[in-house]
Amino acid sequence: MATTRMSIDSPLAVEVAFRQEMVGALRRVGEKLETMLAELKGLERELRTLTGPPREKRIALYQQIRSDAEYQRWCLVVQREAMGLFDHSEVDLMYPVPPVVK
C-alpha cells in the first residue's frame, strides 16, 4: 500500500480552500466597487447637462452611490489587511472615489 507523505511546508486542503475564498471575496468586492465607480462616472456626465429639480434628484442618487462606493472601498481595504496586504496605494490608484458633487 502506497502512502503519500506531505511536506511540512505544504498547505492543507482547508488552507487552500480558505485562501481561495478570501481571494474570491476580494474579487467580488472589487467588481462591485468597479461597477459603482462606473455608475458615478455616468452620473457625473449626466449632471453636467441637468439643472433644477432633475439635477437635485440625480445629485441625491450620486451621493448615495458615492457613499456606498466609499463603504465598499473600506471593505476592500479591510479584506486586503486580513490577507496581510497593508500597502493600499494600488487601491488608491485603481479605485479612486470621485469627490462630492454639489
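Mind listing P(r) for the chain? All alpha-carbon pairs, 10 Å bins, whole percents.
13, 33, 22, 15, 9, 5, 2, 1, 0
Roughly speaking, what is the stretch gain from Tyr71 to Ala38, that is 0.36 nm per residue apart minus the C-alpha to C-alpha distance, in nm to one decimal? Working shown, then result.
Numbers: separation 33, 0.36 × 33 = 11.88 nm, distance 1.56 nm.
Result: 10.3 nm gained on full extension.
Which value in nm describes the separation of the simple spin-label points at Arg45 and Glu81, placed 7 Å from the Cα toward the beta carbon?
3.6
Based on the Cβ-Cβ distance from Leu93 to Arg28, what FRET efficiency comes out when R0 is 25 Å, to the nearest 0.05? Mind dumping the intermediate values first?
Values: r = 20 Å, r/R0 = 0.81.
According to the calculation, E is roughly 0.80.
Regarding segment 50-102, what are the three Cα extents along the principal axes, ordered largest first, in Å?
Here the spans come out as 48, 16, 11 Å, largest first.
FYI, it's all coordinate maths here, none of it is from the lab. Because the structure is a prediction, the values reported are computed rather than measured. We place every Cβ from the backbone using ideal geometry, glycine too, and count neighbours over all the protein chains shown.
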